[in-house]
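Colleague: What follows is a structure written as structure tokens; I'll ask about it next.
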Amino acid sequence: MARGSTGKGKAAAKRGQPKELHSRPPLDRMMQIHESIKRGNYPNATSLAQKLEVTTKTIHRDIRFMRDRWELPIEFDAAYNGYKYTRDVDSFPMLKINEGELFALLIAEKALQNYRGTVFEKRLSGAFQKIADSLPDTVNIHLNEWSEALSFHQTSATVMEVNVFDRICQAAAKRKQLRILYTKPNQKPEERLIDPYQVANINNEWYLYAYDHMRKDIRCFVPARIEKVETTGKLFERPANFSLTDYLAGSFGVFTGDEAYQVRVRFSKMVGPFIRERQWHPTQQLKNLKDGGLELSLKLSHLIDFRKWILGWGGEAKVLEPPELVEMVKTEAQSILDN
């Protein structure tokens, strides 16, 4: 008796429920709606719902989106009991993009060369190609024209093992502890146990900031110097207050420290304009000098990166303070003369 009652209940439930539908992705669905209307088939909500295996309510929602958001000239023709376009539609507007956005898109594509040789290259190129393919033909033409007027150039590129780099990025994203074999310049390979906090691109070079269990502190690693990498099977918790921006606040590049240096450098009239036209550091202050030169002041926690930068200006730059930096530059200059 109970079984009979349950069976009737199930049958009633089935009769009262709509047929289970296997919905397609919205974009794919709307592309098919577009093609059907463009071919002059005069499809209506019922025929489209049956073909695309969705409800008529979904079709009405799609039509409304295509008309209101993409501004497609869709109209219902009562004489044909179906939808039509009131004017010619050349292509399906998957993207509505203005001139400024198009130019930004082009710059992004050109900037991909900064990711050559990394796991991101193929993925970014593929994503950009999908976007480019979705643009109307006229937009693609403009994109090609502008491409000839803009480019990025690099004089050098870091050589790194793509698979190693990919595993590092994956570990940082999923917070997996790593055991790596790391080789510093002119030293023997050394095994390190690390918690990879963040992979960063600084001045077009890749770096890994991680907690080093041997040093018991955060250290900066160069991915290109990592020979082997393997997960330990353990997960780590990245400190909630860790911010690479804050961590590098007193840095002039990739290295940071616990010191507080007040740096002052005098630049000649010859290179003064080049110093003025850029923001070199958040703390920088510029002071114009009577002879046409200028004085640059800033606060740093580490001097190595800044020393390299200063030496690049040759005799057009003179370090005034701190004394440690003055001595570092003198020693380096003397070494150049001796060699």
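What follows is calculated from the coordinates using simple rules that are stated; it is not laboratory data. Fair warning: this is a prediction, and the values are worked out from it, not measured in the lab. In this analysis, Cβ positions are derived from the backbone assuming ideal geometry, glycine residues included, and neighbour counts consider all displayed protein chains.
Colleague: Quick check on segment 215-259: take the gyration tensor over C-alpha atoms, sort the square-rooted eigenvalues as a ≥ b ≥ c, and tell me if it's rounded (a/c under 1.5), prolate or oblate.
Modeller: Cα axes put segment 215-259 in the oblate bin.
Colleague: Which residues does the label zone of ASN44 cover in segment 67-90, counting backbone N under 13 Å from a point 7 Å along Cα→Cβ?
Modeller: 76-84
Colleague: Still on this model: Full extension from ALA104 to VAL271: what is 0.36 nm times the residue separation minus their Cα-Cα distance, to one decimal in nm?
Modeller: My answer for the length gained is 57.0 nm.
Colleague: Taking R0 as 30 Å, what FRET efficiency do you get between THR331 and LEU181 from their Cβ-Cβ distance, rounded to the nearest 0.05?
Modeller: 0.35
Colleague: Further question on the same structure: Pick out, in residue order, every one of the trypsin sites (Lys or Arg not before Pro) in segment 201-260 that is DSSP loop and has at most 15 other C-beta atoms within 10 Å; say none if there are none.
Modeller: Those that pass, being in a loop and sparsely packed, are ARG215, LYS216.
Colleague: Could you compute the FRET efficiency for SER301 and GLU75, with r as their C-beta to C-beta distance and R0 at 45 Å, rounded to 0.05?
Modeller: Using R0 = 45 Å, I get an efficiency of 0.10.
Colleague: Hull surface divided by four, with the convex hull built on the Cα atoms of segment 24-94: how many nm²?
Modeller: For segment 24-94, the mean projected area of the Cα convex hull comes to 4.2 nm².
Colleague: Efficiency by 1/(1 + (r/R0)^6): what FRET value for ALA240 and ASN201, r their Cβ-Cβ distance, R0 = 22 Å, to the nearest 0.05?
Modeller: With R0 = 22 Å, the Cβ-Cβ based efficiency is 0.40.
Colleague: A further question on this structure: With a/c under 1.5 counting as rounded, go ahead and sort segment 261-338 into rounded, prolate or oblate using the C-alpha gyration tensor (a ≥ b ≥ c being the square roots of the eigenvalues; past the cut-off, prolate if a/b is larger than b/c, else oblate).
Modeller: oblate
Colleague: Which shape class applies to segment 162-247: rounded if a/c is under 1.5, otherwise prolate when a/b exceeds b/c and oblate if not, where a ≥ b ≥ c are the square roots of the Cα gyration tensor eigenvalues?
Modeller: Here segment 162-247 falls in the rounded category.
Colleague: Expressed in nm to one decimal, what extension gain is obtained for the pair TRP280 and GLU259 from 0.36 nm per residue of sequence separation less their Cα-Cα distance?
Modeller: Result: 5.6 nm gained on full extension.
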